[in-house]
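Below is one structure, written out as structure tokens; comments come after it.
The values are calculated or read from the model by the stated rules, or taken from the named source; none is laboratory data. Remember, predicted model here, so these are calculated numbers, not experimental data. No Cβ is skipped: glycine too gets one built from the backbone with ideal geometry, and neighbour counts run over all protein chains shown. Heads up: the accessible areas ignore ligands, DNA and RNA and are worked out on the full protein's heavy atoms, side chains in. Shrake-Rupley method; radii C 1.70, N 1.55, O 1.52, S 1.80 Å.
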Number of protein chains: 2
Amino acid sequence: MSTSWQEIAAKKQAQREALIPPKWRLDASKYQSRSNLLNVPVECGILSGRQVDITSNYDAVGLLAQMRDGSFSVEEVVTAFCGLRHLANQIFFDEAIERARSLDRERAADSIKPLPKLFGLPISLKDSFKVPGVDATIGFICFANDKSTKHSVLCDMLLEQGAVFYCKTNIPQTLMTADSDNNVFGRCLNPHNTSLTAGGSSGGEGALIAMRGSIVGIGTDIAGSIRIPAHCNGTYGFKPSAGLVSLMGKRAPGRTGLVGVAPVAGPLATFARANALIMQVVLEAELWRRDSMLNHIPWRGITLPDRPLKIGIVEDDGQTTPTPPMRRAIQEVSEKLNNAGVEVVPLKLTHVKQDMDLLWFSFSMDGAKDYINSMERSGEPMVNSVRKTGLVAMPEKNIHEVLDFTIARIGAQERYREMWLSHGLDALIMPPAPFTAPKIDMWGGIIAYTGLWNLMDYPAAIIPVSKVSPNDKPDGAAKYGEEDAKFYKEYTGPDDYEDAPTTIQIVGMKQEDEYLAIVVEKLDAIIQGW
Amino acid sequence: MSTSWQEIAAKKQAQREALIPPKWRLDASKYQSRSNLLNVPVECGILSGRQVDITSNYDAVGLLAQMRDGSFSVEEVVTAFCGLRHLANQIFFDEAIERARSLDRERAADSIKPLPKLFGLPISLKDSFKVPGVDATIGFICFANDKSTKHSVLCDMLLEQGAVFYCKTNIPQTLMTADSDNNVFGRCLNPHNTSLTAGGSSGGEGALIAMRGSIVGIGTDIAGSIRIPAHCNGTYGFKPSAGLVSLMGKRAPGRTGLVGVAPVAGPLATFARANALIMQVVLEAELWRRDSMLNHIPWRGITLPDRPLKIGIVEDDGQTTPTPPMRRAIQEVSEKLNNAGVEVVPLKLTHVKQDMDLLWFSFSMDGAKDYINSMERSGEPMVNSVRKTGLVAMPEKNIHEVLDFTIARIGAQERYREMWLSHGLDALIMPPAPFTAPKIDMWGGIIAYTGLWNLMDYPAAIIPVSKVSPNDKPDGAAKYGEEDAKFYKEYTGPDDYEDAPTTIQIVGMKQEDEYLAIVVEKLDAIIQGW
């Protein structure tokens, strides 16, 4: 007799609970009246003072330095983060702490051997990456209890560089929505405000990093899946160009990407320099030696030019009007950059609807049948946010349509290349969405702000700016017609969106990821006032 | 009343003849009894002694140095090559000599301004590249008299670097065969032995360079179209990895390549260092600034490692047995490398038939209908060599077959990556074909030796080794069955293949084009005994 999907999910969730040692169990009922959970890890008493210090006061680069000079042992760092992983969907503490101890032992045994670049760094992983003995469900019941037997290629390399994996984080069923909800592990909430979405598809990463249950994690992005959770949770995120960071050996929800727009893997972190470090370590590792899908693009150690930066500012996508807090974020950033001597050029995008049709075409080339097939295998229902995207109802395409798509995509990329170079841009700033984290399951298919850069294959980063303020009053400023006005009205004012982060997206040119990483650090320092 | 294809062709050929000034006309009847025409340019009396010196005694790098230090003017160099272009299918001498004069004038007017990297260098172009006012027929009557209005992106860059274009060279109808025969300009012969093919699809380049009517030219390659003519004509050729050299603004015969195996542009030349120079100039020009299809891979100025090189040697493709002269070439090369301290590793390829099925799949995804459509537009017949490939009879594929193909191709690339790295190869040597230039229209679909490296996207170069020798007696050594024996028997002995060049193919790893270029120069010096 086959097991129902409900039984599989219940068992999976019980397994996870059982893995949490009693000392790390949280009495969730104590916090149910709150919508902002960010301070719970510090308040709840699970962590010692030193553990609070470790998890609160350092970013990845800072912690690496502390472990390198011996101020913290790897074991105590890893243990502290294990104690904090309230939002991870799968955990493997015992293995993580054992590995931490063994790193400490090896170091003690040979103090001359140079330490690897990520010595002792705890890194969280989106559920789709593979770790032996752990599931990679990508939110489908049919992949629950199908334990991976080896690491994804990227994970292997990070381990060689000294990383410690300790948990995997939640995602949406299919990976193709901005709400990290699935029938296996349930929904990931936004710790800034639990009535809002944590974003997706790397929603678990975003939420865990916001709570400092992780300081750096690996997500993936084919339309915004790194940037949307970074935005919703107010963390830093970096979506690389395609073909730089290995996705090999990762569980994929479909197979469309091999012809059209490719998914990419990239980091989310508490600070920009941690994302830059991950990109540097990845490119220096020459992952093309392990994955023939990658381009041989080196990390070159470039520096910023000795002149003012020139930054394009795009207020909106010409289809959906940013809500008051998002408009304010762009405006404040623009002023700060201007005051700091950065040359700011207002830009308008054209053909956005036409370009987005190409992105949806790419996602649905094969009729998106694999998603439905995966649901049918267990009999699980489609979650609400998947239904809202409309993705699985799209018809299959023929070879001539596919070839027309590739030509049209190149045409779009040519338009952007010309815009970029004719203005001599160092980067472009645009909101990552027309809204802050919206209410649960309201995101739908509004992905032009992020998805455009997947279609163009331009790298793009998220940096947090501020939060919804009491002055962000709702208004009737929707500019782009009925559909726009409908979404715009969802912003019902600062009380309902209390504590929701505002962020900006900083975009670089295709395969100029290293340059984007250093430009982001520079702009971030200006924007944060460092 | 529409013009017949025969009339169009006759008029096109007459136009070409009319463009040749009387002083450069050759009395072809004087040489009709010869099969080896290589010495005709020197003997015929068209060139002065100084012009013979210019065209015979320098490669591209040497000529650039002579022009740079003022020993030769650009005008006299360009004029000398114009006088020698007996095999070009389209010529534009007046424009070339005018441009040469203007380069000389500009230089005289400003002796301080640094000269561009290719100052004054005459470069021949395969017919598919576009030059304003000149046709880009790709061997179809329907494209005759459709004059281009602007340069291809690559040509624009070469011009900015000081190149002088003076002719375009012959190709096969469709660009998809190894016999450069078409109804517009007729057939390009092999100047080493006119009973043999000049190869294709960049056959005109190979033949012109062999006669030193050009010292460097630009071809394209999707299955061997640079390497096959370099092989047939005993010149140097360099097929880059995909996405490094711009094909934008070039006339393409079909559109299949945008999803499957991509065509690439690359140089043919009289010496290896000229090809390396072209690759360096191209990569340093950052063509991705003009063509968004390109990868941002820099020229890094790398040097060879301080250890013996390790070279894999592949004797054959496991399907067709190399004929005696080709076996001898590989053997001699292997011995010379061994004697010079190079580590030589015999390797056998596996899955070649399966991999080649993928290549043919790629070429025929859309049913290869564009070829037929282009013929039907003028009513011209299919040439014999196109018919022999069987390409245009293949059925169209659906999206699931296309996606399966992309996954299978990655599988094949993974196999080669693992082979390469597990042996720690610096390069791999393999014949470019199982035969020297065969008789006219006999090549057919035997393209595994070159086409494999397009499927893998590995760069590959051709260097000449020697010629068919009287000792290369035919034998019955075919190893791979009936079909193989049939082809093998075509080698009827040294008399019929007199003067046919033998060459080897040197293969590098994907996107490691710069490294391959310097390895080729090193191995070439050993093989040629320099």
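Listing for the model above:
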read-out	value
Fraction of the pair-distance distribution of region B:280-420 above 18 Å, Cα-Cα pairs, percent	76 percent
Globularity ratio of region A:219-312, using Cα Rg and 2.2 N^0.38 Å	1.18
Cβ neighbours within 10 Å from other chains - mean over B:286-297	5
Amide N of region B:464-485 lying under 17 Å from the label point, which is placed 7 angstrom from the Cα of B:E332 along Cα→Cβ	B:464-474
Within chain B, percent of DSSP bridges classed antiparallel, to nearest 5	65 percent
Amide H within-cut-off set for A:F165, under 5 Å, with H built and near neighbours excluded	A:I123
Virtual paramagnetic centre 7 Å along Cα→Cβ of B:H351, amide N under 13 Å, in region A:264-292	A:292
Extension reserve of the A:S466-A:E17 stretch, reckoned as 0.36 nm per residue once the Cα distance is removed	158.2 nm
A:K147-A:R101 FRET efficiency (beta carbon distance; Förster radius 22 Å; 0.05 resolution)	0.40
Rg/Rg_globular for region A:1-146, with Rg_globular taken as 2.2 N^0.38 Å and Rg from C-alpha atoms	1.21
Region A:111-229: equivalent-ellipsoid semi-axes (sqrt of 5 x gyration tensor eigenvalues, Cα, Å)	26, 17, 11
Where only alpha carbons of chain B are counted, the Rg and the Dmax (Å)	21.9, 70
Euclidean distance between Cα centres, region B:460-530 to region B:50-74, Å	30 Å
Accessible area, probe 1.4 Å, largest first, for residues B:I54, A:I518	A:I518, B:I54
Semi-axes of the equivalent ellipsoid for region B:171-236, Cα gyration tensor, largest first, Å	15, 13, 10
Two-site FRET efficiency, A:S48 against A:M382, from Cβ-Cβ distance with R₀ of 56 Å, rounded to 0.05	0.80
Rg/Rh ratio calculated on Cα atoms of region A:389-530 (Kirkwood radius)	1.02
Radius ratio Rg over Rh of region B:384-439, counting only Cα atoms, Kirkwood formula for Rh	1.13
Percent of Cα-Cα distances greater than 18 Å, calculated over region B:106-173	43 percent
Candidates per trypsin sites (Lys or Arg not before Pro) in region B:420-504, loop by DSSP, up to 14 other Cβ within 10 Å	B:K479, B:K489
Ratio Rg/Rh [Cα only; Rh per Kirkwood] for region B:289-363	1.11
Where N is the number of residues in region B:330-399, Cα Rg divided by 2.2 N^0.38 Å	1.84
B:I410-A:S56 pseudo-label distance in nm [points 7 Å out on the Cα-to-Cβ vector]	4.4 nm
Above-threshold pairs, the threshold being 23 Å between Cα atoms, out of B:K30/B:K489; B:K310/B:K522; B:K353/B:K439; B:K12/B:K147; A:K12/A:K126; A:K126/A:K147	B:K30/B:K489; B:K353/B:K439
Hz values of 3J(HN,Hα) by residue in region B:364-370 - Karplus curve (6.51, -1.76, 1.60), Gly and Pro given as x	10, 3, 9, x, 6, 5, 4
Virtual spin-label span in nm between A:E482 and B:K310, 7 Å along Cα→Cβ	6.8 nm
Kirkwood hydrodynamic radius of the protein assembly as shown, Cα pairs, Å	31.2 Å
